[in-house]
Amino acid sequence: MSVSLPKQFQVGGLHCGLKRNPNKQDVAIVLSERPAAAAGVYTTNLVFAAPVAIDRERTPGRSLRGVVINSGNANACTGQRGLEDARRMAAIAAEACGCQPEEMLVLSTGIIGEFLPMEKIDAGIRRVAETLGRDEEHMVAAARGMMTTDTFHKLISRRLDLPSGPVTLTGFCKGAAMIGPNMATMLGLVLTDANVPAEAAQAMLREITEETFNCISVEGHMSTNDTVLLLANGAASSEPLAGEELAAFQRELLLLCTELAKLIPLDGEGTDHVIEIQLSGCRDRAAARQIAKTIAESALVKTAVAGADPNWGRIVSAAGYAGVPFDPSGVDLHVNGHLLYQQGAPVAFDEATVSRSIKDNHDTIIDLRFSEGQTSLKFWTTDLTTEYVRLNADYHT
């Protein structure tokens with residue numbers, strides 16, 4: 001799929017020495033040529049990284065110019081020095097790009113508890129600032145500059161034709177593990193040339209995050225650095241979007257964030273299956289999300305899918321301990337379209353056929369239907385394999 005940048009944005013990325021492999025980018029810059037409205041949502045982990053503290057201070061904001069990004073080092077659990085280093089990153093990027101330090105946001109990802117090698121980062125930021133561009137090569141370099149254990153870069157563009165003129169939305173994200181959402185998950189960045197006021201951008205980003213990035217999980221481990229940012233520079237129109245045009249933009253942003261969010265479990269380290277949990281008939285969204293998240297993070301459900309075992313008891317029992325009251329006699333369960341459990345009781349099914357439907361397909365659909373209300377929800381996770389354990393056991397060493 002081809003990608004394009006919104007008007008008056010430039011991006012770039014390169015290797016500055018944070019990662020051992022010289023062919024892997026580890027620093028990136030996203031720059032708006034004009035002031036942009038900025039919104040952000042952040043981890044609710046009490047232990048949060050220095051860049052999260054900086055960005056929280058600056059969003060929502062009406063006059064931001066860009067984001068400086070590093071990977072390979074999370075700058076988390078680094079105390080006062082970490083805060084100073086994050087502010088220094090913003091100041092270096094601002095100086096190199098011709099703006100003010102408070103106009104830059106910061107994203108970091110990687111190993112927790114190590115200080116940033118600021119000499120390397122300083123040199124890298126300045127070199128990136130000299131090589132910014134708008135083509136696909138520059139976008140891919142920026143996307144790779146925010147990767148850690150990802151196996152592929154995650155970059156999507158969408159175009160929305162409005163009566164006032166076309167607008168472009170482009171999203172970047174990273175994530176393959178330490179995915180346990182409770183705000184956003186991983187690092188995400190959406191750029192648009194739509195004219196969206198900062199307050200409206202903040203409200204819609206928070207709402208959309210609940211339906212997208214907060215509906216994925218790999219192993220349930222909430223990161224210290226989880227951040228999703230939205231920058232809207234208004235280059236596509238002089239008047240702010242309002243009414244139906246603003247609603248149309250929000251729908252398009254939802255589609256973009258959904259696509260980005262689904263790429264993360266797709267890239268789950270060492271996994272063989274993406275699991276889509278479909279819930280219907282729930283009392284409300286909070287109840288649905290709690291049940292889905294509990295199923296998604298059950299090691300026994302995940303290993304059953306890894307082994308292509310249609311062990312429906314693990315799924316139903318995980319729903320039962322989610323802490324959400326429901327009538328067990330009103331529950332139906334389908335896996336990949338096969339009915340396994342109906343109205344609280346097992347039904348006869350061909351285990352070999354269902355097992356084959358799991359084994360032979362990358363996607364596994366768990367469809368759980370309740371009789372409590374009208375709310376539906378989709379949630380995405382992965383299976384749990386020995387390769388996942390190996391990769392994460394070796395992450396630091």
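Results, tabulated for the structure shown:
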{"quantity": "Residue among GLU33, GLU211, GLU351 with the largest mean-square fluctuation in a Gaussian network model of the chain, springs linking Cα atoms under 10 Å", "calculated": "GLU351"}
{"quantity": "Shape of segment 264-397, Cα gyration tensor, a/c cut at 1.5", "calculated": "oblate"}
{"quantity": "Portion, in percent, of the accessible area of the chain that falls on carbon or sulfur, probe 1.4 Å", "calculated": "51"}
{"quantity": "Shape of segment 284-357, Cα gyration tensor, a/c cut at 1.5", "calculated": "oblate"}
{"quantity": "Computed lengthening from GLU33 to SER317, 0.36 nm per intervening residue step minus Cα-Cα distance", "calculated": "96.9 nm"}
{"quantity": "Unit charges on C-beta of K, R, D, E only; dipole of the chain, Debye", "calculated": "580"}
{"quantity": "Interchain or long-range residues, amide H under 5 Å from ILE275's placed H", "calculated": "THR364, THR381, THR382, ASP383"}
{"quantity": "Net charge, ARG126 excluded, C-beta distance under 14 Å - Lys, Arg +1, Asp, Glu -1", "calculated": "-1"}
{"quantity": "Mean projected area (nm²) of the alpha-carbon convex hull when segment 94-216 is viewed from all directions", "calculated": "9.7"}
{"quantity": "At least 15 Å along the helix axis (C-alpha) and Kyte average at least 0.0, DSSP helices within the chain", "calculated": "243-266, 285-296"}
{"quantity": "Accessible area per residue in Å² at 1.4 Å probe, computed on the chain", "calculated": "40"}
{"quantity": "Simple label model, 7 Å out from Cα along Cβ direction - ASP363 to LEU46, nm", "calculated": "4.0"}
{"quantity": "³J(HN,Hα) computed for each position of segment 271-284 - Karplus, 6.51 cos²θ - 1.76 cosθ + 1.60, integer Hz, glycine/proline x", "calculated": "8, 10, 9, 9, 10, 9, 9, 10, 10, 9, x, 8, 5, 7"}
{"quantity": "Virtual spin-label span in nm between GLN8 and GLU211, 7 Å along Cα→Cβ", "calculated": "2.9"}
{"quantity": "Modelled FRET efficiency - R0 30 Å, ALA247 with ALA299, Cβ distances, 0.05 increments", "calculated": "0.15"}
{"quantity": "Sequence of LYS154, LYS262 when ordered by accessible area, the most exposed leading, probe 1.4 angstrom", "calculated": "LYS262, LYS154"}
{"quantity": "Cα-projected label distance for THR386 with ALA348, points at 7 Å along beta-carbon direction, nm", "calculated": "3.7"}
{"quantity": "Heavy-atom accessible area order for THR258, THR151, THR131, largest first, 1.4 Å probe", "calculated": "THR151, THR131, THR258"}
{"quantity": "Diffusion coefficient, µm² s⁻¹, Stokes-Einstein with Kirkwood Rh over alpha-carbon pairs of segment 223-339 at 37 °C and 0.692 mPa s", "calculated": "188"}
{"quantity": "Under 5 Å, built H, 5+ apart or other chain: amide partners of GLY66", "calculated": "SER32, LEU105"}
{"quantity": "Anchor LYS120: aspartates and glutamates whose Cα lies under 14 Å away (excluding residues fewer than 8 positions away in-chain)", "calculated": "ASP26, ASP85"}
{"quantity": "Pairwise FRET efficiency - ASP284 versus GLU114, Cβ, R0 = 51 Å, nearest 0.05", "calculated": "0.75"}
{"quantity": "Cut-off under 5 Å, modelled amide H: who pairs with SER237 long-range", "calculated": "ASN195"}
{"quantity": "Hz values of 3J(HN,Hα) by residue in segment 332-342 - Karplus curve (6.51, -1.76, 1.60), Gly and Pro given as x", "calculated": "10, 9, 10, 10, 6, x, 9, 6, 10, 8, 9"}
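The values are calculated or read from the model by the stated rules, or taken from the named source; none is laboratory data. Fair warning: this is a prediction, and the values are worked out from it, not measured in the lab. Using ideal geometry, Cβ is built from the backbone for each residue, glycine included, and neighbour counts are taken over all protein chains shown. The accessibility values were calculated without ligands, DNA or RNA, using every heavy atom of the protein model including side chains. Shrake-Rupley method; radii C 1.70, N 1.55, O 1.52, S 1.80 Å.
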